[in-house]
Amino acid sequence: MFSKVLIANRGEIAIRIMRSLEELGVATVAVYSEPDRDAPHARRADEAYLLGPGPAPESYLVVEKIIDAARRAGAEAIHPGYGFLAENADFARACEEAGIVFIGPPPEAIDAMGSKTRAREIMRDAGVPIVPGTTEPVEIVEDARKIIDSEIGYPVAIKAVGGGGGKGFRVAESEGELEKAFEGAAREGEKFFSDATVYLERYLPDPRHVEVQVLADGHGNVVHLYERDCSVQRRHQKLIEESPAPTVSSELRERIGTIGTEAARTVGYRSAGTVEGLLQGEEYFFLEMNTRVQVEHCVSEMATGIDIVREQIRIAAGEELGFGQDDVVLRGHAIECRINAEDASKKFAPAPGSIGSYREPSGPFVRVDSGVEAGSEISPLYDPMVAKLIVWDIDRESSTKRMRRALSEFEVGGLTTLIPFHLALLDTDQWRAGETCRDLVEDPEWLKSTAASPPEPAAGDDGDEEEEKLERSYAVEVSGRRFDVKVIGSPLVANGAAPAAGAAGMPSGPTRKPPRRRDRGGASSGGAGAAEDLVSPLQGTILRVAVEQGAEVEEGALICVIEAMKMENEITAHRAGKVEELEVSEGGSVSTGARIAVIR
């Protein structure tokens, strides 16, 4: 077993991995960006190293900086978590070249499954059913149009070759939507996976999204931990996951499990992985393989009692699986709800901000995986996840009741989250019947009904700051390594002010409290503005401006696309009229409440 492992990630997954490492007696090393300097994952680790500024391309995605931090720390292995570099074959190779173990599959398996077209081709040749479509990239929209007309038909899914997690996935319901969908999928593919090529699949309008968790060691053993249902999604990104799937028969369960293990064997897989598929009636189609630990691995852990992350670490250390397929038993029912900083009532608009009060639920068979605490900042630079709430009970109905109880206990002050959405959805007939709930998630009017009361302001937001304390803890960096220090005295000393009473050379006596300051905010900090003003509902980067100043637009017409928290958000005209002023440009940034345009 390793003596020290670096976790090349942040937030809840970094802490989740640390827990398993700690139980194995392995020292932990964290990496962090400047905005994450005081994040729980950076403080929890035995050592922590600064990577760089906030944007991921300057920190969490810089291979050289992560390898350097591992060398300086003396880490024998690197766990990538999910996202960022988790499915990057070049990163896995860089680890090997540096003499560091990559806790994940071989680079060749990542390559084979990382390209969705190559994966489809491999699975087709192995006799695994795939969704009808292309197994070669489609270069231009004209070629796509010809293939669709002759082979696939509408609706069609346009998907980035290197895509995943809902990124680079667009649907064209008709030929008139094809060009926009093609360009959108290619743009996201380039942005998130450095590959703008796309392929085509028949779009199944309301399938179940069913995936199977697999574990494969380096000794030829491959097992599955049965299936998860991840059908409740928005924008092809998961919201609720459960295990076992509610509509899967025993016979189909065995067939899905066999498909998963055969897919892993076909590519010489080693590590934890997930084979994703679409279920239409009794037809099950291979969709893709995720060569990493999944966000929703927790429900499989709760339903089988197997620590997937621990097994992943043991496999990377060269150990053999300590159990076989017959030892894996599915018991009861587990559900996971993703607690994201999003406003479901506004079509899941990102809602970054600071957490005020924070209290996690507890009780029998309730688990929370989080990487935040009171005072944490949910930054628009990263994904919007606050926490994952997972529960288990003897059956789906009982598990649903436990989840609703746990959601009602979850307190996240000062922030808009999906908690009200989850409570509303779990109380619907569609959920109780085991449906995909797509009719609800895609219904703007129903989503509006999930709106919660305005969140209470975080501590200090009423304009009064907390009183200064004489004892403070700080994070300092020495040659890029993070240390925690405690300073006794007034922090004003560091700014050249007089030292605190009682300091060396000063008489002791009553301490004068500094005056309170009141932040009155600015014009751009929010507010509805004039009726003609179209204001931004979120903070982010302008990816596209769809109109020009002076253009006549209808209500609902696309004005611009804002990227925030790894999602593209279409901003549409709130009224019909003429675009008298246009105050955004492509590549620029916009803050919440800032004016985008004036439409009269």
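The values are calculated or read from the model by the stated rules, or taken from the named source; none is laboratory data. Just so you know, these numbers come straight off a predicted model, no measurement behind them. Here Cβ is always computed from backbone atoms with ideal geometry, including for glycine, and neighbour counts include all displayed protein chains.
What to note about this one:
- Counting only residues that are over 21 Å from F192 (Cβ atoms) and part of a helix (DSSP H, G or I), the stretch 111-140 holds 5 of them.
- The residue that is modelled with the lowest pLDDT, counting only those in the stretch 562-587 that are within 20 Å of the chain's Cα centre (by Cα) and assigned to a strand (DSSP E or B), is M567.
- Restricting the stretch 407-434 to residues that are of a type in the set (D, E) and touching a residue at least 12 places away in the same chain (Cβ under 8 Å), the residue that is nearest to D229 (Cα to Cα) is D427.
- So R124, is it of a type in the set (K, R), surrounded by 14 or more Cβ atoms within 10 Å (Cβ to Cβ) and under 21 Å from Q280 (Cβ atoms): no
- Count of the stretch 588-600 residues which are over 26 Å from S354 (Cα atoms) and either outside any strand (DSSP E or B) or of a type in the set (K, R) (or both): 1
- Test: residue in the stretch 162-183 that is touching a His at 6+ places or on another chain (Cβ under 8 Å) and crowded, with 18+ Cβ neighbours inside 10 Å: yes
- For S271: the one exception among (1) buried (at least 24 other Cβ atoms within 10 Å of the Cβ); (2) at negative phi: (2)
- Checking the stated criteria, G268 turns out not to satisfy the condition of being small (G, A, S), free of Cβ contacts under 8 Å to residues at least 12 places away in the same chain and not assigned by TED's automatic domain parsing to the domain that holds I17.
Here's the yes/no breakdown for (1) of a type in the set (V, I, T); (2) surrounded by fewer than 18 Cβ atoms within 10 Å (Cβ to Cβ):
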{"position": "A186", "(1), (2)": "no, no"}
{"position": "V198", "(1), (2)": "yes, no"}
{"position": "E201", "(1), (2)": "no, no"}
{"position": "H219", "(1), (2)": "no, yes"}
{"position": "D229", "(1), (2)": "no, no"}
{"position": "K238", "(1), (2)": "no, no"}
{"position": "S243", "(1), (2)": "no, no"}
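- So A344, is it touching a Lys or Arg at 6+ places or on another chain (Cβ under 9 Å), in the same structural domain as H219 (by TED's automatic domain parsing), buried (at least 20 other Cβ atoms within 10 Å of the Cβ) and under 27 Å from D393 (Cβ atoms): yes
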